[in-house]
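Since every read-out is calculated from the coordinates, none of them should be taken as a lab result. These numbers were taken from a predicted model, which means no experiment stands behind them. Here Cβ is always computed from backbone atoms with ideal geometry, including for glycine, and neighbour counts include all displayed protein chains.
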Amino acid sequence: MTDDTRARIDELVKANPVLLFMKGTPLFPQCGFSSRAIAILDHIGVDYETVDVLQDQGIRQGIKDYSDWPTIPQLYVNGEFVGGSDIMMEMYEAGELHALFGGTDQAAAG
Amino acid sequence: MPMAAEDIEAMIVAAIPDASVEITDLAGDGDHYAARVVSASFRGMPRVKQHQAVYAALGGRMGGVLHALQLTTVAPD
């Protein structure tokens, strides 16, 4: 990964309290796992931003190295890597994801 | 080329010897799997680290030849 890509990812995860790196867009996810991640976030009703890795090859490869995680989607909350869609689902079922979003900056501000 | 379920299981067990691995071929196409991995070594480990341990066992195949593996990791009670 280039320094430029690392800096761009750093900036993205720091600027967005809830950020999902995904394939496609929330309206048109291009992969079942990304679609599942969106469904979980929508169901919880949290505000989030997304990055479509299919539109940016640098980020598509770079985010895998950045997180040490081989697949997309990837969820970041308050700059911390949370996991992929399997972990999101496990945390959702355990109620841990709600707790996590209870602690986001936007929840505190709202 | 897709991976056989036995190969996935063998690679996980080679890296995590006490692991009990259950593989389900979700679509019947040898390409979309679910794996449930139970190992005492996961105890006290955050979920991300547990999954990373399994991905490491698969030696870079995850996201490559193995494109869809729905993963559940569990520490035994």
**OP:** Show me A:45-57, A:27-39 ranked by packing, highest mean number of other Cβ atoms within 10 Å first.
**Re:** A:27-39, A:45-57
Original post:
Which angle between 0 and 90 degrees, to the nearest 10, do you get for helix B:47-57 versus the longest principal axis of chain B when only C-alpha atoms count?
Top reply: 50 degrees
Original post:
Can you pull the three principal axis extents for the Cα set of the protein assembly as shown, in Å, largest first?
Top reply: 48, 37, 31
**OP:** Could you tell me which of rounded, prolate or oblate describes segment A:1-60, using a ≥ b ≥ c as the square roots of the eigenvalues of the alpha-carbon gyration tensor, with rounded for a/c under 1.5 and, failing that, prolate when a/b is larger than b/c and oblate otherwise?
**Re:** oblate
Subject >> Per-residue mean of C-beta atoms belonging to partner chains within 10 Å, peptide A:25-32 >> reply: 1
**OP:** First select every other residue whose beta carbon is under 11 angstrom from the beta carbon of residue B:47; then total the charges, Lys and Arg +1, Asp and Glu -1.
**Re:** -2
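Averaged over peptide B:43-56, how many Cβ atoms belonging to another chain are found within 10 Å of each residue's Cβ?
Averaged over the peptide's residues, the number is 3.
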Original post:
Hey, what do the phi angles of segment A:46-61 turn into as Karplus ³J(HN,Hα) couplings, whole Hz, using 6.51/-1.76/1.60 and θ = phi - 60°, x for Gly and Pro?
Top reply: 8, 6, 8, 10, 10, 10, 8, 5, 5, 8, 8, 4, x, 6, 4, 7
Original post:
How far is helix A:32-44 tilted, in degrees, relative to the longest principal axis of the Cα atoms in chain A, given as a value from 0 to 90 rounded to the nearest 10?
Top reply: 40 degrees
Original post:
Counting Lys and Arg as +1 and Asp and Glu as -1, each charge on the Cβ, what is the dipole of the protein assembly as shown about the Cα centre in debye, to the nearest 20?
Top reply: 160 debye
**OP:** Place a +1 charge on the Cβ of each Lys and Arg in segment A:3-105 and a -1 charge on the Cβ of each Asp and Glu, then give the dipole magnitude about the Cα centre in debye, rounded to the nearest 20.
**Re:** 280 debye
**OP:** Rank-order B:22-29, A:61-68, B:59-66 by packing density, defined as the average count of other C-beta atoms within 10 Å over each peptide's residues, highest first.
**Re:** A:61-68, B:59-66, B:22-29
